[in-house]
Structure formats: C-alpha cells, structure tokens
Amino acid sequence: SGRCDHYDAMMRVGIMGGTFDPIHHGHLVAASEVADLFGLDEVVFVPTGEPWQKSEATVSPAEERYLMTVIATASNPRFTVSRVDIDRGGPTYTVDTLRDLSTLYGEHTDLFFITGADALGKILSWKDATDLFELAHFVGVTRPGFELNAEHLPADRVSLVQVPAMAISSTDCRRRVEEGKPVWYLVPDGVVQYIAKRGLYRKHGS
Ligand code: ATP
Ligand code: MG
C-alpha cells in the first residue's frame with residue numbers, strides 16, 4: 001500500500017544458458033513455455049564462452065554461436081541475448097553468469113535459471129553450488145531421454161515443469177549437417193541458412 005507500490009513490482013527475468021552450437025527448437029520451446037508458466041518479462045539467452053583448453057569436443061567459435069542465437073531469438077520481443085559469458089572468456093560457470101546478470105539487472109529483478117533435465121541433475125557439481133540458489137530460482141524442464149529429478153536440490157528454490165517434448169539436441173543437429181542431412185524444422189529457418197552460409201559442421205575439406 002502507498003504511493004511507491006510500483007517500485008515493489010519485481011521484474012521477472014529468465015536465463016537460458018547453453019552452448020547453442022547450434023540453438024534449436026528444444027531451447028526455444030523451453031524458454032517460451034517457462035516464460036508463460038512463470039510470467040516472465042524477459043528471457044535472456046546466454047551463449048557460453050570458449051573453453052581455454054581444447055575439450056574433448058570442439059565447440060564452434062563464440063561469435064558464430066552468438067549470431068545464431070541472435071537470429072533465432074530476434075522475432076520474439078521478450079527474448080534477448082547476453083554476451084556476459086562470451087566476453088568474460090574461458091569456460092563458463094553458471095555462478096559467474098548469475099552474478100553478472102544479477103548486477104546488471106539490479107535488486108528489483110528476480111532471476112529464473114532455466115535448465116533441461118540433463119543439466120539439472122549435475123547442478124550440485126557446479127562451481128559454488130550453494131550460492132547458485134541464492135542468486136536465482138531454478139526451473140528444471142523435461143527433456144526426452146532424461147529423468148527430471150531435483151531430489152538433492154533445495155525444494156524452495158527449484159521448480160520442475162513439463163514442456164512440449166522436443167527430441168532435438170545440438171549434437172544431433174551437428175551430426176546431421178556433417179552427414180548432409182537436413183536440419184529444417186529442427187532449428188529456425190534463419191539458423192539453417194546461417195549454418196549453410198558459414199559452412200558450419202561440415203567435415204574439413206568437404
Ligand atoms: P549438445 O548436444 O551440444 O550438448 P544441447 O542440445 O544439449 O547441445 P545445450 O546448449 O547443451 O544444448 O543446452 C542448453 C540448455 O538447454 C541445457 O539446460 C539443456 O538441458 C537444455 N536443452 C537442450 N535441448 C533441450 C530439449 N530438446 N528440451 C529441453 N531442454 C533442452
Ligand atoms: Mg547439452
């Protein structure tokens with residue numbers, strides 16, 4: 001009650017972190033569904049930085065993944081893309097993502113970190129795991145092939161939600177491009193075209 005009520009209205013911002021190599025409709029449906037269920041004002045897609053050391057799987061350059069994420073989200077007025085993880089450099093730790101975005105958005109924003117069932121199960125092994133739950137509410141979403149389970153996570157800071165089942169992974173999209181198979185309707189049209197234009201995921205020399 002009082003004149004300053006509008007100052008108490010918290011912004012609700014979703015965060016969708018990922019490698020996005022490439023971004024696909026599984027990511028987009030999850031973000032859209034959580035935005036609807038949780039009344040989010042915005043969902044920020046945050047492509048990961050490039051690992052310092054070569055990891056077992058080679059990840060496409062950050063700028064390519066960033067541009068595909070921008071292309072895929074451009075048409076949705078509530079979707080934005082953040083460069084915080086790319087600009088920090090090195091491997092991405094979610095706690096750093098949340099600290100940066102929490103500083104950027106300020107105290108009048110509640111953050112909701114959206115994560116698929118496969119990644120949710122690994123949260124306790126993430127850097128500074130206990131701090132994560134103070135920085136954001138976690139929303140675990142269903143993903144075909146994985147069990148959605150938050151057994152060892154703080155119940156008051158984690159929600160589990162069902163999203164339309166999309167049996168799509170970036171790994172599968174990359175493999176399909178490498179094999180000359182189509183990725184139409186698995187990723188947004190603009191991303192299909194960007195992959196072709198830049199020759200991403202094709203075997204070297206082909
Ligand atoms: P990769 O095969 O390279 O690991 P990916 O398809 O798993 O790619 P990521 O960029 O690793 O995509 O995932 C980012 C986030 O999106 C993770 O939290 C992941 O669990 C979630 N996610 C990815 N695909 C789906 C999907 N089809 N349904 C629901 N959530 C998904
Ligand atoms: Mg993955």
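The values are calculated or read from the model by the stated rules, or taken from the named source; none is laboratory data. All of these numbers come straight from a predicted model, not from anything done at the bench. Here the Cβ positions follow ideal geometry from the backbone for every residue, glycine too, while neighbour counts run over all protein chains shown.
Restricting to the range 143-171, what's the tally of residues that are more than 16 Å from ligand 2 (Cβ to nearest atom) and either assigned to a helix (DSSP H, G or I) or touching an Asp or Glu at 6+ places or on another chain (Cβ under 6 Å) (or both)?
Residues flagged as more than 16 Å from ligand 2 (Cβ to nearest atom) and either assigned to a helix (DSSP H, G or I) or touching an Asp or Glu at 6+ places or on another chain (Cβ under 6 Å) (or both) within the range 143-171 amount to 3.
Counting just the residues of the range 28-51 that are free of Cβ contacts under 8 Å to residues at least 40 places away in the same chain and either among the small types (Gly, Ala, Ser) or within 10 Å of ligand 1 (Cβ to nearest atom) (or both), which one comes out nearest to Arg157 (Cα to Cα)?
Selected residue: Gly39.
Please specify each residue of the range 96-127 satisfying the condition of being in a helix (DSSP H, G or I), surrounded by 18 or more Cβ atoms within 10 Å (Cβ to Cβ) and β-branched (Val, Ile, Thr).
Result: Thr97, Ile123.
Looking at the structure I just gave you, is Thr58 modelled with pLDDT under 95, of a type in the set (S, T, N, Q) and either within 22 Å of Met166 (Cβ to Cβ) or out of contact with any Cys (no Cβ under 6 Å at 6 or more places or on another chain) (or both)?
Against the criterion (modelled with pLDDT under 95, of a type in the set (S, T, N, Q) and either within 22 Å of Met166 (Cβ to Cβ) or out of contact with any Cys (no Cβ under 6 Å at 6 or more places or on another chain) (or both)), Thr58 qualifies.
Residue under question is Arg174, and the condition is that it be out of contact with any strand residue (DSSP E or B) (no Cβ under 8 Å at 6 or more places or on another chain), over 25 Å from Asp96 (Cα atoms), in contact (Cβ under 8 Å) with a residue 12 or more places away in the chain and in a helix (DSSP H, G or I); does it hold?
So Arg174 fits the description; yes.
Go through Ile86, Ile114 for me and flag whichever is under 14 Å from the mean Cα position of the chain (by Cα), over 23 Å from Ala35 (Cα atoms) and not basic (Lys, Arg).
Exactly one of Ile86, Ile114 is under 14 Å from the mean Cα position of the chain (by Cα), over 23 Å from Ala35 (Cα atoms) and not basic (Lys, Arg), namely Ile86.
When you scan the range 165-200, how many residues do you find that are within 14 Å of ligand 1 (Cβ to nearest atom) and surrounded by fewer than 12 Cβ atoms within 10 Å (Cβ to Cβ)?
3
Would the range 124-142 turn up any residue that is within 16 Å of ligand 2 (Cβ to nearest atom) and at pLDDT below 95?
Yes; the residues of the range 124-142 include at least one that is within 16 Å of ligand 2 (Cβ to nearest atom) and at pLDDT below 95.
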